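Where a number appears in this text, it was derived from the coordinates with a stated rule and is not lab data. In this text the structure is predicted, and so the values were computed from the model without any measurement. Neighbour counts are summed over all protein chains in view; Cβ atoms, including those assigned to glycine, are modelled from backbone coordinates with ideal geometry.
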Amino acid sequence: MGMKMDIELIDKNGLRIDGRKPEELRPIKIEAGVLKRADGSAYVEWGKNKILAAVYGPREAHPRHLQKSNKAIVQVRYNMAPFSVGDRKRPGPDRRSVEISKITSEALEHVVMTELFPRSSIDVFIEVLQANAGTRCAGLTAASVALADAGIPMKDLVVGVASGKVDDVVVLDLGKEEDNYGQADVPMGYIPRTGEIVLLQMDGDMTQEELFKAMEMSMDAAKYIYGLQKEALRKRYEMIAREETEEIEGVQ
Ligand code: CDP
């Protein structure tokens, strides 16, 4: 962010490097229930990002000193595969992934009904298979669907989406070049139905007016993404229902 380069991010027609309009998202696909062994899972393709989320639990929290007597904890591990970025990423946690895991956990603890599962842990694994800017938002969006797929009681789904500023223009959902050479990036975790913001970060600089405009763009986009999340879950439930019907018919 903020690396000043002679690279044109907005062309003379007001379009972005990948041809998008300022308020346009990259294409997003969400699928629920993609892993057999996890209690819940989701796969998200968001532009060139490819992200898997897997959920286990609630199960007894280990080590025991992590247990909370009145509620469950939501433990998140955000991890980038070595092959997910241009230069092979060294395996294992680094400062960035520890930070993203923490903020994702805090965002999810706002929606999971943790008070129903004292002393338990709900474990969320976010695996970034391919990264192209905006992975924390795509990861949060995927994790939220994976939790619902695991049947974990939640107040609502959270959507992660970013907006920011490039070439003095407020834009939605920054791509890789925009993230590298743009002026600001504002990832947000948002619950469209209640209007609650459960994550907000800002990298770079903007005026208050620009920030509010960026947030509006993110909130509008979040409503659309929320629709995709619900559609993915609906398809998943339909599939489970069909499988169960086939099983019953099979024994007759
Ligand atoms: O992914 P997100 O935008 O949430 O986080 P970031 O720290 O702003 O990273 C932006 C992008 O930089 C990532 O999505 C990756 O494409 C890239 N990146 C990388 O190439 N190598 C890393 N070790 C970390 C990030």
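Listing for the model above:
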quantity: Amide H partners (placed H, <5 Å) of LEU200, local residues excluded; calculated: GLY189
quantity: Length added when fully stretched, GLU196-ARG119, from 0.36 nm per residue minus Cα-Cα; calculated: 25.0 nm
quantity: Assigned charges on the beta-carbon of Lys, Arg, Asp, Glu; segment 109-189 dipole about Cα centre (debye); calculated: 280
quantity: Additional length obtainable on full extension of the chain from ASP94 to GLU247, 0.36 nm per residue less Cα span; calculated: 50.5 nm
quantity: Residues listed by number, segment 175-212, amide nitrogen under 11 Å from LYS48 label point at 7 Å toward C-beta; calculated: 175-178
quantity: Cα gyration tensor, segment 28-251 - rounded (a/c under 1.5), prolate or oblate; calculated: prolate
quantity: Added length on full extension, which subtracts the Cα-Cα distance from 0.36 nm per residue, LEU129 to ASN70; calculated: 17.7 nm
quantity: Magnitude of the charge dipole, segment 163-252, Cβ model with Lys/Arg +1 and Asp/Glu -1, debye to 20; calculated: 340
quantity: Beta bridges by DSSP in the chain, antiparallel share as percent, to the nearest 5; calculated: 85
quantity: Over the chain: helical MRE at 222 nm, DSSP H runs n ≥ 4 each giving -39500 (n - 2.57), nearest 500; calculated: -11000 deg cm²/dmol
quantity: Summed side-chain charge close to GLU109 - residues other than GLU109 whose Cβ falls under 12 Å, Lys, Arg +1, Asp, Glu -1; calculated: +2
quantity: Estimated FRET transfer efficiency (LYS36, LYS12; beta-carbon r; R0 45 Å; 0.05); calculated: 0.30
quantity: Pairwise FRET efficiency - LYS102 versus ASP168, Cβ, R0 = 25 Å, nearest 0.05; calculated: 0.20
